[in-house]
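Visitor: Encoded as structure tokens, here's the structure I'll be asking about.
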Amino acid sequence: MGYNFKYVLVFISLMCVWCGRLRFSMASTDSSDGGLVRFNLRKRNLDRHSLSAARIKKASNAGDLGSDVNTDSTPNVVYLKNYLDSQYFGEISIGSPPQYFNVVFDTGSSNLWVPSSKCIFSIPCYFHSKYKSRISSTYTEIGTSCKIPYGHGSIYGFFSQDVVKVGDIIIKDQVFAEITKEGSLALLALHYDGILGLGFKDISIGEVTPVWYNMIDQGYIYQNVFSLWLNKDPVAEIGGEIVFGGINSRHFRGEHTYVPISQKGYWQIDVGDVLLANRSTGLCEGSCAAIVDSGISSIAGPTTVVTQINHAIGAQGYVSLECKSIIHNYGDKIWDALISGLNPEILCANIGLCSHDKYQKDNVIETVVHDENLDGSTSKESPFCTFCDMIVFWIQVQLKQSNLKEKILKYVDELCEKLPSPEGQVFVDCNSIAAMPHISFTIGNRSFPLSPQQYVLRVEEGSSSVCYGGFVALDVPPPQGPLWVLGDIFLGKYHTVFDFGNQSIGFAEAA
């Protein structure tokens, strides 16, 4: 899998509704915890103005949460408490004397990067803390240039080496990227400065050893796991906790369900069917890949399924006239072909909407909204081919539910009006949240449901509210796809253990 797809999602996250304002606060470490380290963060309610600005706000008082620190300790464990993703971030320091940065702790990437004092001609750099190598007595020059691609641009910089402090853990000789050009103006809107990647070394740009690996190698970690808890209580002072080296039993109920890593590099697992109110969405009945990614707020997945979700929750979607014209002009032919038993994989070629060459390469449903592959190459097939494949798939799903022809074609025509927005945001009716279905992911033969209150974001504006759905489209071709990316929405419901030693991930209901 190419590395670029992660940064497409990061860009979507920067622009999406989940980048609300937060208030950050650091608490001191209790020496009685035996070296357990904690970050405490404070969450601020959203309003529509802050939503549009996608701002994350740092608190003026860095000691507000000292009385709220969880003093439970587990032997041989180092604790961190911090917000992750665009809403969740924590403070680290680099250099001697320490220079402080707010970073996202991101399981979907593996590099540490912060803005450099040498970032002069890039406007976003002036709105973030910048690393000054000249004042650090422990700095070691490397100078090798690097480029980190995003969905709509890249950030550029070079590698350096210095000490990095995460809580009370001091990592020596850590290589990180000093960013000299932040290409996307979307980065202006974020009040965190950089990213600390917690993915595998396999995807580290420049083959740099990640911070997590150095924590282990330098003897700070006694159990090769870290665990994540995100607090979704909007009035709570503490916003989340990441524990390096152990698990805090106070933050989950029952037992974790563990599943193996299916492809090393990302924290990637296999998931089964995705259910809408206990009804199959079809695509992942056999299996789909899923990356557990604390670096994005939303849940990203195939257009064919996200469109069904949009329809079920009444989201305002993107209307495709091409899609609707196929239903009106070819709906009966597609129906008759499927009923007669024609191979659905070649159906659209048989009616002239796709080339036969397409099916000799693969039968992937390409991205509809962007009409391009993740590597930036434009799809050679026409949009009519793409929509035809999707329509065939949707009709197949409905046939399995024994629905009548007229009802199915009407439903598919409505799906053509609910395609995911290119901007990633979809509005939903706040008054209809209670009537929306649960959406469940099947992991390890167990169902992990999300309620509408958990996958819809309500933004207050005076006496009124605006609500957004939390699913965005991402189409990854085989053999890596179909692919889901489970971000903050999912991680907020389920306490997650990243078991590096056993190459597995565990989920339990968050408490």
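The values are calculated or read from the model by the stated rules, or taken from the named source; none is laboratory data. All values reported here derive from a predicted model rather than from experimental measurement. FYI the Cβ positions are ideal-geometry reconstructions off the backbone, even for glycines, and counts take in every protein chain you see. Remember, those area values only see protein heavy atoms, side chains included, never the ligands or the DNA or RNA. Shrake-Rupley method; radii C 1.70, N 1.55, O 1.52, S 1.80 Å.
Visitor: Select, from Val485, Val476, the only residue that is part of a loop (DSSP other than H, G, I, E, B) and either of a type in the set (A, V, I, L, M, F, W, C) or open to solvent by less than 10 Å² (accessible area, probe 1.4 Å) (or both).
Guide: Result of the check over Val485, Val476: Val476.
Visitor: Now a separate question. How about the range 74-112: which of its residues are within 19 Å of the chain's Cα centre (by Cα), outside any strand (DSSP E or B) and at pLDDT below 85?
Guide: Across the range 74-112, the qualifying residues are Asn82, Tyr83, Leu84, Asp85, Ser86, Gln87, Tyr88, Phe89.
Visitor: In the range 237-262, which residue that is part of a loop (DSSP other than H, G, I, E, B) and in contact with a helix residue (DSSP H, G or I) (Cβ under 9 Å, 6 or more places away or on another chain) is least open to solvent (accessible area, probe 1.4 Å)?
Guide: Ranking the candidates gives Gly245 first.
Visitor: Test of understanding: among Phe471, Phe441, Phe490, which residue is within 30 Å of Tyr222 (Cβ to Cβ), aromatic (Phe, Trp, Tyr) and at pLDDT 90 or above?
Guide: That would be Phe490, the only listed residue that is within 30 Å of Tyr222 (Cβ to Cβ), aromatic (Phe, Trp, Tyr) and at pLDDT 90 or above.
Visitor: Taking the options Val472, Val466, Val476, Val497, name whichever one is within 25 Å of His251 (Cβ to Cβ), among the hydrophobic types (A, V, I, L, M, F, W, C) and in the same structural domain as Ser249 (by the TED database).
Guide: Every option except Val497 fails the conditions.
Visitor: Search the range 309-326 for residues being buried (at least 24 other Cβ atoms within 10 Å of the Cβ) and either among the β-branched types (Val, Ile, Thr) or out of contact with any Cys (no Cβ under 9 Å at 6 or more places or on another chain) (or both), and hand back the single one that is farthest from Leu491 (Cα to Cα).
Guide: Here the residue is Ile326.
Visitor: List pairs: first in the range 282-310 and within 13 Å of Val485 (Cβ to Cβ), second of a type in the set (Asp, Glu) and in a loop (DSSP other than H, G, I, E, B), Cβ under 8 Å, 6+ apart or cross-chain?
Guide: So the pair list comes out as Ser294/Asp85; Gly295/Asp85; Ile296/Asp85; Ser297/Asp85; Pro302/Asp475.
Conditions tested, residue by residue: (1) open to solvent by 40 Å² or more (accessible area, probe 1.4 Å); (2) assigned to a strand (DSSP E or B); (3) in the same structural domain as Gly265 (by the TED database); (4) modelled with pLDDT under 95.
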{"residue": "Lys165", "(1), (2), (3), (4)": "yes, yes, no, yes"}
{"residue": "Asp173", "(1), (2), (3), (4)": "yes, yes, no, no"}
{"residue": "Ala177", "(1), (2), (3), (4)": "no, yes, no, no"}
{"residue": "Leu187", "(1), (2), (3), (4)": "no, no, no, yes"}
{"residue": "His191", "(1), (2), (3), (4)": "yes, no, no, yes"}
{"residue": "Ile195", "(1), (2), (3), (4)": "no, yes, no, yes"}
{"residue": "Asn214", "(1), (2), (3), (4)": "no, no, no, no"}
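Visitor: Answer yes or no as to whether Gly301 is at positive phi and small (Gly, Ala, Ser).
Guide: Judged against the criteria, Gly301 is not a match.
Visitor: State which residue is modelled with the lowest pLDDT when the search covers only the range 277-288 and only residues that are open to solvent by 10 Å² or more (accessible area, probe 1.4 Å) and not acidic (Asp, Glu).
Guide: Gly286
Visitor: All but one of (1) touching a residue at least 60 places away in the same chain (Cβ under 8 Å); (2) open to solvent by 10 Å² or more (accessible area, probe 1.4 Å) hold for Phe105; which doesn't?
Guide: (2)
Visitor: I'd like to verify a number: residues in the range 290-317 that are over 15 Å from the mean Cα position of the chain (by Cα) and either outside the structural domain of Gln480 (by the TED database) or part of a loop (DSSP other than H, G, I, E, B) (or both), how many?
Guide: Of the residues in that region, 4 qualify.
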